[in-house]
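Peer 1: So that we are looking at the same thing, I have put the structure below in structure tokens.
The values are calculated or read from the model by the stated rules, or taken from the named source; none is laboratory data. In this text, all values refer to a predicted model and were calculated from it rather than measured experimentally. Quick reminder, even Gly has a Cβ in these numbers, built from the backbone with ideal geometry, and neighbours come from all protein chains shown.
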Amino acid sequence: MNLGWLRALLWWLAWLALAALPLAIALAPPRPMAAGAIEELGRMLGLVGLGVLVAQAAISGRQRWFAPGLGQDDLLQFHRVAGIAAVVLLLCHPLLMFAGDRAFLAWLDPRAGLLRALTLAGLALALLALVASSLWRLALRLSYEHWRLLHGLLAVAVVAGGLGHALMAGHYTGAGWKRASLAVLALASIALVLETRLLRPWRLRRRPWRVVAVRPERAGCTSLELAPEGHDGLRFAPGQHAWLTLGERPLRLQQHPFSIASPAGQRNIAFTIKAQGDFTDAIADVEPGTPAWLEGPYGVFTWRPGSCPAGAVFIAGGVGITPIMSMLRSARARGGHEPLWLVYGNPAWDEVLFREELDGLAAALPLTLVHVLEEGHAGWQGETGHIDAALLRRHLPADLSRMAGFICGPPALADAAGPVLLGLGLPARNLYAERFDLI
């Protein structure tokens, strides 16, 4: 087995062990007498659901110690799926408890226990709000900043409420050491959320940046160039991203991830950002001299010149070219000589980012550049339509078995291009994809 896959498997097993820890604590001696099968299943699902929510904090907080070899895209996709699974488990918990013993319906009656009933009602509402705000953020017209704040608060409330409910129930958690262990586990999860959202941004105040240039680009994009103030800057690998905050203080609601577009090794850092709503719509109005803060770098979507002598294939859509520009600019700066292919899709010729610079890169590097336009213009003799299997096979080598492949753009692009590259022999361990679909 490839070491990368083995490491990923070990990290997922570690995550599963963490998610199962509340159940393991509850089932450890001393144990009460078992009830009916349906009732017991309901209890088990509730404990597993709580464990999954506790483990989510390790995935969502950009913790460098958790799964360092896995890409942020993979972690966020898993975080989403695991979150939905946790909610399903937690909603099944009371339904099975009621089905197993109708006496549990009294738990919803405030006359039988006001605190218990309020806890359950609040927990159910927080769960539903957590799901609704994540799945339908745009329909609910929640800005990214307010959604991110709400998501963190609801996650903390659900974990705290779930812990309180488990301790009040006391069926499997009556022993003192069990209560203490579950409390420590839940508090550790909450502490990770607070560290990500509060402490880490506050520590950035020691490493300020300042916007030194604002340049308009095609397709509604703007490039920001930042210079470090009082420190050496940020060491990053080509293709990585950083979380950007603009303003006098690093502790703000608006903190957004953007791919670094500048070559590695430069003191200044550049981002090219497309106006797509919320924070990004205001990027074009940022004034030079604006304070900025960077957290990072993050990501394994990286390539260094010389790391794969047989060559590399890059496939990008729209603003997905930005991390690939960092790779190509780094290759030019370091005199890269391996063969490269770039297939770049855009709606129209006037929306091709870095069009002139890409021509210069193709002249300076052994780079085969293929532009793909959804609709060609008069005199256009290049490729039109979408990047699909037939197009890729026309322009890429027939054997990619010793190369690396990078795909960056909308999810549909990665879904279409990934299987083609694998079909041409590209090893799965050498295929990297970044999807523009964080939420």
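Peer 1: Can you tell me which residue among Val214, Val193 is at pLDDT 95 or above and touching a Ser or Thr at 6+ places or on another chain (Cβ under 9 Å)?
Peer 2: Within the list Val214, Val193, the selection yields Val214.
Peer 1: Let me ask another. Is it true that some residue in region 162-180 is more than 26 Å from Arg197 (Cα to Cα), among the charged types (D, E, K, R) and surrounded by 18 or more Cβ atoms within 10 Å (Cβ to Cβ)?
Peer 2: There is at least one residue in region 162-180 that is more than 26 Å from Arg197 (Cα to Cα), among the charged types (D, E, K, R) and surrounded by 18 or more Cβ atoms within 10 Å (Cβ to Cβ).
Peer 1: Out of Ala264, Ala292, I need the residue that is among the small types (Gly, Ala, Ser), crowded, with 21+ Cβ neighbours inside 10 Å, outside the structural domain of Leu400 (by TED's automatic domain parsing) and outside any loop (DSSP other than H, G, I, E, B). Which one?
Peer 2: That would be Ala292, the only listed residue that is among the small types (Gly, Ala, Ser), crowded, with 21+ Cβ neighbours inside 10 Å, outside the structural domain of Leu400 (by TED's automatic domain parsing) and outside any loop (DSSP other than H, G, I, E, B).
Peer 1: Now, a different point. State whether the residues of region 206-222 include one that is in a strand (DSSP E or B) and either within 21 Å of the chain's Cα centre (by Cα) or closer than 28 Å to Tyr432 by Cα (or both).
Peer 2: Taking every residue of region 206-222 in turn, at least one turns out to be in a strand (DSSP E or B) and either within 21 Å of the chain's Cα centre (by Cα) or closer than 28 Å to Tyr432 by Cα (or both).
This table checks each residue for (1) modelled with pLDDT under 90; (2) over 30 Å from Pro410 (Cα atoms); (3) among the hydroxyl-bearing types (Ser, Thr, Tyr); (4) over 22 Å from the mean Cα position of the chain (by Cα).
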| site | (1), (2), (3), (4) |
| --- | --- |
| Arg7 | yes, no, no, no |
| Trp15 | yes, no, no, no |
| Gly49 | no, yes, no, no |
| Ala58 | yes, no, no, no |
| Gly61 | yes, no, no, no |
| Leu70 | yes, no, no, no |
| Leu75 | yes, no, no, no |
| Met97 | no, yes, no, yes |
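Peer 1: Within region 303-328, work out how many residues are of a type outside the set (A, V, I, L, M), crowded, with 21+ Cβ neighbours inside 10 Å and either in the same structural domain as Leu369 (by TED's automatic domain parsing) or under 23 Å from the mean Cα position of the chain (by Cα) (or both).
Peer 2: Residues that pass the stated criteria total 8.
Peer 1: Now a separate question. What are the residue pairs meeting all of these: first residue in region 135-149, first residue under 11 Å from Gln255 (Cα atoms), second residue modelled with pLDDT under 85 and in a helix (DSSP H, G or I), Cβ atoms under 8 Å, and 6 or more apart or on different chains?
Peer 2: Tyr144/Asp278; Glu145/Asp278
Peer 1: Let me ask something additional. Please go through region 239-261 and give me each residue that is surrounded by 18 or more Cβ atoms within 10 Å (Cβ to Cβ) and under 16 Å from Ala282 (Cα atoms), ordered by number.
Peer 2: Correct list: Leu244, Thr245, Leu246, Gln255, His256, Phe258.
Peer 1: Could you count how many residues in region 214-257 are more than 19 Å from Gly152 (Cβ to Cβ) and in contact (Cβ under 8 Å) with a residue 60 or more places away in the chain?
Peer 2: Qualifying residue count, region 214-257: 17.
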